[in-house]
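Note sheet for the following structure.
The values are calculated or read from the model by the stated rules, or taken from the named source; none is laboratory data. Predicted model, so just to flag it, every value in this text is computed and none were measured. Note: ideal-geometry Cβ built from the backbone for every residue, glycine included; neighbour counts use all protein chains shown.
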Amino acid sequence: MLPTQSLKEHVAILAFPFGSHDLTILRLACRLARAFSFLTTAKSNDSIFSTFKLDVPNNIRAYNLEDGVPANDVFSGNPVERLDLFLKATPANFQKGLDVAVIYGRGHASFSDMVVVTKMVANSNQTLEVIPGLSPMHVRHSKETFFSYKSSKIGCVLPRSTAIVMNFCQELYPTALFDDLKSMFPSLLNVGFLTQELPLPPLPPSDSDATECLSWLDKQSSKSVVYISFGTAATPAGLELKALAEAVEERGIPYLWCLKDDHKHHLPNGFIKRISKQGKLVSTGVFVTHCGANSVFESVANEVPMICRPTFGDHWMNGRVVEEIWGIGVKS
């Protein structure tokens, strides 16, 4: 048994093993660490502790949790199914004895949207005009997904929180929106961007890249390359991927596309071979993105405009902020 004093100083963090959410909260733990336990699934731990070169303090210890996926389960390709299994496997009594505190990794407008829409959803014809800085929208036009139900539950819990830590920078809020959030949540702490280092670190040498993407980029004109990535979990439908590939090939635009192997069969026949000199499938002029918070923050930090193709969750609201408030991108 550890001394009582050590028990008082120890903090256990249960990370959400979806996309890059777990990396964000690990970076926060690294900044605050004294004696932390970092709990998430084995696959997630293996990914973030081996793939990312993080300076993790020795007193942060990783523990594996059950992910809820049955043995010999064959992945259907739908990440939401795995997420639902994890949520069902997470012990409900984990919250017992803990003060309600939230570390929130989404954008600020999405955060406000969850609280407000939860109160209005009963009237689908009602116009949502209470998110400062954004144009009005009907509640019925909000995207109904698996995350809608989860977000509504979070929207009910948030007002009871002792404090909320946001992966965001206060300077990027419209003044009216920040004042509105502070009126609802006095202990609103902005600590972002947790996944970005500012000033930006120097680029690695081109000869250190096994994929040869960096050396290929070195040969392109400044701000001439389209970067296409839909994050670690979101992928558009096969027909949309095919249409995007055809558009890229037809326009002759140099591009860098990050696409998982199990989705490449959706591409037109012979596409990869035909455009081998035009692009690579794995200095950027524009980013075609799903609008995940970390992807948006990276674009902001690197001053890269965005073409937004939201998929689920906070992506839709992040896309509206990029287009309507910051004016640094357009929604497709």
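List every residue pair whose Cβ atoms sit under 9 Å apart, with the two residues 6 or more apart in sequence or on different chains, where the first one lies in the stretch 174-189 and is assigned to a helix (DSSP H, G or I) and the second, anywhere, is among the hydroxyl-bearing types (Ser, Thr, Tyr).
LEU177/SER112; ASP179/TYR173; ASP180/SER112; LEU181/SER112; LEU181/TYR173; MET184/SER112
Within the stretch 228-249, identify whether any single residue is at pLDDT below 75, within 20 Å of THR289 (Cβ to Cβ), among the small types (Gly, Ala, Ser) and not assigned by TED's automatic domain parsing to the domain that holds SER76, and answer yes or no.
yes
Condition check: on the phi > 0 side of the Ramachandran plot, loosely packed, with under 14 Cβ neighbours inside 10 Å, at pLDDT 70 or above and more than 22 Å from the chain's Cα centre (by Cα). Does LYS223 satisfy that?
So LYS223 passes the test.
Would you mind finding the one in LEU217, LEU194 that is surrounded by 11 or more Cβ atoms within 10 Å (Cβ to Cβ) and not in a loop (DSSP other than H, G, I, E, B)?
Answer to the check: LEU217.
For the list (1) in the same structural domain as SER299 (by TED's automatic domain parsing); (2) assigned to a loop (DSSP other than H, G, I, E, B), I need the number of the one condition that LEU200 fails.
Only one criterion is unmet by LEU200, namely (1).
With the structure loaded, tell me whether GLU298 is loosely packed, with under 15 Cβ neighbours inside 10 Å, assigned by TED's automatic domain parsing to the domain that holds SER221 and acidic (Asp, Glu) or whether it fails that test.
no
So THR235 fits all but one of (1) part of a helix (DSSP H, G or I); (2) closer than 26 Å to ILE25 by Cβ; (3) touching a His at 6+ places or on another chain (Cβ under 6 Å); what number is the exception?
Answer for THR235: the failing condition is (1).
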